[in-house]
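Following: one structure in structure tokens, then a few remarks.
None of the figures in this text is laboratory data; all of them are computed from the coordinates on show. Small disclaimer: the values here were computed from a predicted structure and weren't measured. Cβ sites come from the backbone with ideal geometry, for glycine too, and all protein chains shown count toward neighbours.
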Amino acid sequence: MIKNFSIFIFIVINLLLPFNTSQLKADDLNRIFNEGREKLTEKDYDEALKKFDKVIQKDPEYWQAYHNRGLSKQKLKDFEGSIIDFTKAIELGCNRTEVFEIRGKCYDQIGQFRLAVADFSKAIELEPNRHFNYYHRANSFRKGKQYLAAREDYRKVLALSSNQKLIDLAITRLQDIENLDDQSPSVATTDTYT
């Protein structure tokens, strides 16, 4: 009887131990992740990076850690690093509008306007009424010398947005494009975006 009871206890402990261990690891991982988010909120981006690095080291499939590490790197103006992390988050299943929006901003910052436009387009596909993405895409079009497309997106901002500052910026950019038209009509009608 005692032998059977000992075997039973042994089996129960061995069945529950992995569960408890994995639960403890998950709890520890979530604690570190939340500490990283807190540091991100506090604008302590270097410390946030360290926390997200730990989470990723323990669980390389934790897309939320890549997402938040990408945010931290973007704030530190490490645009290439941010792009890598957002790309990894997307590969792991993240399909959030802000991931494409912020990665688009990073591409724009390093002069990759075609890739920026693609990301802003995906963000618009996910949330068509989010007027800021039309503005960002218009800016990338403009920088890439696709003036007709930029003009369309600035006009879309005017139609969608109630944010006066954004409306004023869109109007200014539209006027800049109109001035290009006056100086060199062929510039505005030719897509030289490469």
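Below are the figures for this structure:
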quantity	calculated
Within the range 136-183: Cβ-based charge dipole about Cα centre, in debye rounded to nearest 20 (Lys, Arg +1; Asp, Glu -1)	260
Residue 50 versus residue 87: modelled label distance in nm, points set 7 Å from Cα along the beta carbon direction	2.8
Neighbour net charge for residue 38 - beta-carbon separation under 15 angstrom, K R +1, D E -1	+4
Potential extension, residue 76-residue 26 segment - 0.36 nm per residue separation minus Cα distance	15.2 nm
Karplus (6.51, -1.76, 1.60) ³J(HN,Hα), θ = phi - 60°, over the range 45-59, in Hz, Gly and Pro reported as x	5, 5, 5, 4, 4, 4, 5, 5, 4, 4, 4, 5, 4, 7, 9
Members of 25/54; 58/88; 88/143 lying beyond 24 Å, as alpha-carbon distances in this model show	88/143
Assigned charges on the beta-carbon of Lys, Arg, Asp, Glu; the range 97-158 dipole about Cα centre (debye)	300
Environment charge at residue 107 (Cβ cut-off 9 Å; Lys +1, Arg +1, Asp -1, Glu -1)	+1
